[in-house]
Each structure stands twice: as C-alpha cells, then as structure tokens.
Amino acid sequence: MRRGVAFAGFVLGAASVGVIAVAMQPTPDDDRQRPAVAAVGGVPAGREMPADAAAEQLRRWSAASLARPLFVPDRRPIAAPAAAGPAATATMPRLSGIMITPAGSRAIFGASGGGKPVVVAEGGSVGGYLVQSISIGEVVLIGPDGRHSLHPSFDATPAKAATP
C-alpha cells in the first residue's frame, strides 16, 4: 500500500514538472514584446549608451557630488524658500526643534544671540506669537500679522569655535 502511494506521488510530481516545462516554452508571438529598459539612462537592455551621452551623464553626476561634499563641517540642508515676507521673518522666532512624546508636544525655539532656547507647548506663546499646533515637521503660529507655518531650521549665524 505504501509503495503504491509513493509511486502515485512520484508520477504526479513528474507530471507537474512536465506541465511546467511545457508552459515555460516561448511561443511564436514572444518576438513582439517590448524590450526591457535598463535601470540607468533609459537605454534598452542589451544596448550600450552612446559614449558622449554617458560622458555627459557622468560629468553631471560628478559636478553635483562635488558641489556639496558629504563630510564637510559646515554642510547644511539646502534652504527652503521662505513663505512669509522679510519683515515677518525678521521678528519671527526661529524653530530649532520639535519634541513629540506621550506627555505632549513641545516646540523648541532658538534664542537669538546664543541665549538659552525656549521650550513652548501648544497654546503657549513665544515672542508675541501663539503656538496653535505642533506636528512632526511643522509648528503653526498665530500672530498680529496672521498665521505662520514654521519648520525646524539651523541658526544662520556661524557658531563660535570652542576655546580649549
């Protein structure tokens, strides 16, 4: 009995392999398929990119990499365009960080002139502005000149070197 079940399993497995092998055979209409596109440059697979196009692409990549070296002490993110006018940003406090914990959300505003930072919860005020809401990447302030959305930013003034 066991020998018969084993033989039936073997025959069923062999038949399955045969069906899969036949199904994997190319059909005559496979020649009309679109060519695969390479991941770089949009050149179809099996073809090489023209030498001048490859050299130009390499030059652009090199220029972009060398324009902002990765391991430089003064490297900062590319500045985002300011949403408010220059008069509003001059008096607007600088958001230097956001803390979101189970105990509540807090916004950290950097003090001008290297003073101590100010930590404010939702509903609190800083520099004449009311903190309306605090989310992961933004703090909304309401002031005399309207509603402002702030995102964390670095201090624009360079830090003084520490003396030993």
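Below, the figures for the structure above:
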item: Scan of segment 49-73 for residues that are part of a loop (DSSP other than H, G, I, E, B) and within 30 Å of Phe154 (Cβ to Cβ), ordered by number; result: Arg68, Pro69, Leu70, Phe71, Val72, Pro73
item: Flag for Ala159 being touching a helix residue (DSSP H, G or I) at 6+ places or on another chain (Cβ under 9 Å), surrounded by 10 or more Cβ atoms within 10 Å (Cβ to Cβ), modelled with pLDDT under 85 and of a type outside the set (Lys, Arg); result: yes
item: Residue check, Gly18 modelled with pLDDT of 70 or more and over 30 Å from His148 (Cα atoms); result: yes
item: Residue that is surrounded by the most Cβ atoms within 10 Å (Cβ to Cβ) [pool: residues in segment 137-156 that are at pLDDT 90 or above and among the aliphatic types (A, V, I, L, M)]; result: Val139
item: Residue tally, condition over 23 Å from the mean Cα position of the chain (by Cα) and either modelled with pLDDT of 85 or more or farther than 16 Å from Thr157 by Cβ (or both), over segment 74-90; result: 5
item: Residue match in segment 91-99 (condition: surrounded by 10 or more Cβ atoms within 10 Å (Cβ to Cβ) and modelled with pLDDT under 75); result: yes
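The values are calculated or read from the model by the stated rules, or taken from the named source; none is laboratory data. Computed from a predicted structure; not experimentally measured. Note that we place each Cβ from the backbone using ideal geometry, even for glycine, and neighbour counts take in every protein chain shown.
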